[in-house]
Amino acid sequence: MKRLITFLLIIISLSGLSSVHAGERVKFAFLTDIHLAPGAASDSNLVRTATEINQGDFDFTIVTGDVCNNGSDAELNAVHQALSRLEKPYYIITGNHETNWSESAGLTFNKLWKDDNFVFEHGDFLFMGVSTGPYMKMGTGHVREEDIYWLENELEKWKDSGKTVIFAAHYPLMADLDNWFKITDILNRYGVKLDLCGHYHKISVHNFDGIIGLMGRATVPSNAEKGGYNIVEIRNDSVFFSQKVTGEGLPELFSAFSLNNNDVIRDLPVAQLPDYSVNREYPNVKILQTVQDSSSIYTGAVAVKNQVFFADSKGTLYAYNGKTEAYDWKQNITGPVYATPVIVKNTVCIGSIDGVLHGFDRQTGKERWTLKFDQPIIADGIAEGNFLYVGVGSDFCKINAKTGQLVWKNTNPGGQLQGKPAISGRYIVFGAWDTHLYALDKNSGTELWRWNNGRDQVLLSPANVVPAINGNTVFIVAPDRVMTALDLPTGRQLWRNSDFKVRESMGISSDGKTIFAKTMQDTVIAVAATRDGFHLQWAVDAGFGYEHNPCPVLEHKNILYASGKEGLLVAIDTKMQKVLWKHKCGNSSINKIFPDPRKGVWVSLIEGKVMSF
């Protein structure tokens, strides 16, 4: 009763914000961070929530992502089934849990809901929602370059309609989204005043560069909080933002304000623009070339002689000539592309999310062969001789890159394959999103052993790390934040060390004697590649700050290159054990670092940029 009285008093007191006219009202349910697991409390809670929404006077429902935990098809289908109970329309976008660990590389979400963006009108209002990633690897949120174009193009089409535009994204429009400032710039130019978001599971109001941000409470029930949802009602320019516990009581008003007056956020902090001052500290850093794509890039840029190969999120594979500074050729495959091209002799091999492996002539771009599978290909492969070894969905395959014929396929892994394998002798070693590290016989494809870190949480799997092998010892780091050494012939665990919070970013020296790893807070470490225990050789403060970008580190000609989630490239002298230079290449994650046959290295960034140093 107390909540009801408070609610009515606030509405009455705010009635002077604007005059209310017939037709200038919209009321919708706002769900975010559902984190559904089939058969769990989150599943039944979503069903109860949908039933309750049907009993209310809502015009529609908006869902701003993180609808599941692990991105599995089973989870997405369960969410779709529960939300299908809604009798009024609903509009949905992805969150990082759908895009980061997607079992289908995003295909299942788009199959169930047709698109991961939305735009629709309702009376005097226009609603737009944009997917924010990150896509198929740990990282900061990012709006794809092509989605930025889509957003601006849609707003341009509607700019003279007189409609009030409401924007929605999973990530808040601040530093958690690496290109937030591009989005707020567009929204401000077109007069957008309200944003809906989630991600932090707590109802709150924010200042997104002058735009009022409403962060919704999580739908998922937790130990400390019962399941529930958010309610947004707009009358002319007056907004009422409430939260509701499913099955209990009345809505609780959280905030009320006018869209024509942003006093509600005037004293709230605003995110700071990216800081590029580090580039002035190292003026001698030489950028040899920069290539800017119109789409996002998730692959590495692989250099062979004068050519550099990479692919983008629209599905274009490029052969860029560093000497002529022009493209030798381009080929279109099904995008977005997440697998870095692998050069096997004179064939460029690359997989697509529709399960097709392509082989193109390196010099002419002519397609030599295709090999069709029934699972998406997002894994990086490795070449040896005429053969390509690569993960295809949850299968591991050996392909004759000259003919395009499948030599063998191992179907033992129970989770998607993503990271690049390592080869030594008869052994090929790789991780999977099923908590296991595998070793196969590269000649027959027979499983030789599998290892597990003792944890059953799949998100702690050693799946997106490149194993390092020295002699008979395999080294890995994983999201469990532990460095591990295993016996190559048997898979027997030799030692594990958690002194440093390593994650997925590591590499090995060219002489095989040192393992390098980037930690989750500033430090890069060098560890002896030995079997008898963890022996730290040195640790250098690289100044990354908090870090979880899985980009492998690269040692090239006694220089160690490490990268960050916000575009920082750091070069460390491995002999002097100190930072040589730093350069902020952009404000998105660096995907991969590859050696340049001429001098330095090539890097690619999610924001569609490829650079050589």
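Figures for the structure shown
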{"quantity": "At q = 0.11 Å⁻¹, base-10 log of I(q)/I(0) for the chain (Debye sum, equal scatterers on each alpha carbon)", "calculated": "-1.06"}
{"quantity": "Rounded tilt (10° steps) of 73-83 against the dominant C-alpha axis of the chain", "calculated": "10"}
{"quantity": "Degrees, to the nearest 10: 41-55 long Cα axis against longest axis of the chain", "calculated": "30"}
{"quantity": "FRET E, pair Lys409, Val356, Förster distance 22 Å, beta-carbon r, rounded to 0.05", "calculated": "0.90"}
{"quantity": "Residue-span extension gain [Tyr149 to Asn346] - 0.36 nm each, minus C-alpha spacing", "calculated": "67.3 nm"}
{"quantity": "Label-to-label distance, nm, for residues given as Met576 and Arg455 (7 Å Cα→Cβ offset)", "calculated": "3.7"}
{"quantity": "Reach of Lys409 by Cα under 20 Å, taken over aspartates and glutamates that are not fewer than 8 positions away in the same chain", "calculated": "Glu103, Asp354, Asp374, Asp380, Glu384, Asp395, Asp434, Asp441, Glu447"}
{"quantity": "Listed residue pairs exceeding 19 Å between alpha carbons, taken from Lys137/Lys305; Lys182/Lys565; Lys345/Lys366; Lys565/Lys609; Lys565/Lys592", "calculated": "Lys137/Lys305"}
{"quantity": "Value in Å of the Kirkwood radius, where region 470-613 supplies the Cα pairs that are averaged", "calculated": "15.3"}
{"quantity": "Accessible-area composition of the chain, carbon plus sulfur, in percent [1.4 Å probe]", "calculated": "48"}
{"quantity": "Principal-axis tilt of helix 2-13 within the chain, Cα atoms, nearest 10 degrees", "calculated": "80"}
{"quantity": "Low-density loop cleavage sites - trypsin sites (Lys or Arg not before Pro) in region 94-158, where at most 14 other Cβ are within 10 Å (DSSP)", "calculated": "Lys114"}
{"quantity": "Accessible area (Å², 1.4 Å probe, nearest 10) - Thr364", "calculated": "90"}
{"quantity": "For region 408-516, radius of gyration divided by Kirkwood radius, i.e. Rg to Rh on alpha-carbons", "calculated": "0.93"}
{"quantity": "Value of [θ]222 nm, deg cm²/dmol, for the chain, DSSP H segments ≥ 4, -39500 (n - 2.57) each, nearest 500", "calculated": "-3500 deg cm²/dmol"}
{"quantity": "Whole-number accessible area per residue in Å² for the chain, which is evaluated in the context of all protein chains at 1.4 Å", "calculated": "39"}
{"quantity": "Rg over Rh, two decimals, region 83-181 (C-alpha only, Kirkwood Rh)", "calculated": "0.98"}
{"quantity": "Label-to-label distance, nm, for residues given as Asp522 and Lys557 (7 Å Cα→Cβ offset)", "calculated": "3.1"}
{"quantity": "Reachable aspartates and glutamates, given that their alpha-carbon falls under 14 Å from the alpha-carbon of Lys157 and they are not under 8 places away in the same chain", "calculated": "Glu121"}
{"quantity": "Highest to lowest packing among 480-488, 591-599, scored as the average C-beta count within 10 Å", "calculated": "480-488, 591-599"}
{"quantity": "Estimated FRET transfer efficiency when R0 is 30 angstrom, pair Lys163-Ala74 (beta carbons, to 0.05)", "calculated": "0.20"}
{"quantity": "Separation in nanometres of the label points that stand 7 Å from Cα toward Cβ, at Lys330 and Asn443", "calculated": "4.6"}
{"quantity": "Glu447 accessible area, 1.4 Å probe, all protein chains in place, Å² to nearest 10", "calculated": "50"}
{"quantity": "Asp73 accessible area, 1.4 Å probe, all protein chains in place, Å² to nearest 10", "calculated": "50"}
{"quantity": "Rg [Å, one decimal], Dmax [Å, integer] - region 196-347, C-alpha atoms", "calculated": "24.7, 69"}
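The values are calculated or read from the model by the stated rules, or taken from the named source; none is laboratory data. Not measured: the values here are computed from a predicted model. Cβ coordinates were reconstructed from backbone atoms using ideal geometry, including for glycine residues, and neighbour counts include every protein chain displayed. Note: areas computed on protein heavy atoms with side chains; ligands, DNA, RNA excluded. Shrake-Rupley method; radii C 1.70, N 1.55, O 1.52, S 1.80 Å.
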